[in-house]
Amino acid sequence: MCSKSTFSLSDRDKDEIESLVKAGHFTSKSDVVKTAFRILKERHPEYRTDIAVEMFKDGKVSLGRAAEIAGMSRESFKEVLGERGVKREIEPRKGSEERIEKTVE
């Protein structure tokens, strides 16, 4: 899934990005930014964890997907959430509410 984003760059950065495209290193300015972002995450793995935590807190990804983004196991990611004071809402499994109601009746 792709969406458009707008951000500001200095004239020099803009010119350098355009030069990389003109020189044939990239097919578009977007490709330059995507590659730079990928390299940034590779060089700073802690950023992947920060991204995953924020996306999880915002409800944009599940626990499993967040752990995958962070590059760690679900259990390790749960520990990170705990260390950062992030509360997790635990939803009942499908049908479990019905079973609970039947048990209580």
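Coordinate-derived values only; no laboratory data. It should be emphasised that the depicted structure is a prediction, and the values quoted were computed from it without experimental measurement. Every residue, glycine among them, receives a Cβ derived from its backbone with ideal geometry; neighbour counts consider all protein chains shown.
Averaging the sequence gap over all C-alpha pairs within less than 8 Å and six or more residues apart, then dividing by the number of residues, gives the stretch 15-87 a relative contact order of 18 percent.
Within the stretch 1-94, the GluC sites (Glu not before Pro) that combine a DSSP coil assignment with at most 12 other C-beta atoms in a 10 angstrom radius are GLU89.
Charging the Cβ of each Asp and Glu at -1 and of each Lys and Arg at +1, and nothing else, the dipole of the stretch 1-41 about its Cα centre rounds to 240 debye. Here the Kirkwood formula, the inverse mean of 1/r across different C-alpha pairs, assigns the chain a hydrodynamic radius of 17.2 Å. Going down the list LYS4/LYS41; LYS34/LYS87; LYS4/LYS57, which pairs span over 30 Å between their C-alpha atoms? Exceeds cut-off: LYS34/LYS87.
Which Cα, out of THR27, THR6, LEU40, lies furthest along the positive dipole direction of the chain (beta carbon charges, K/R +1, D/E -1)? After comparing all options, I get THR27.
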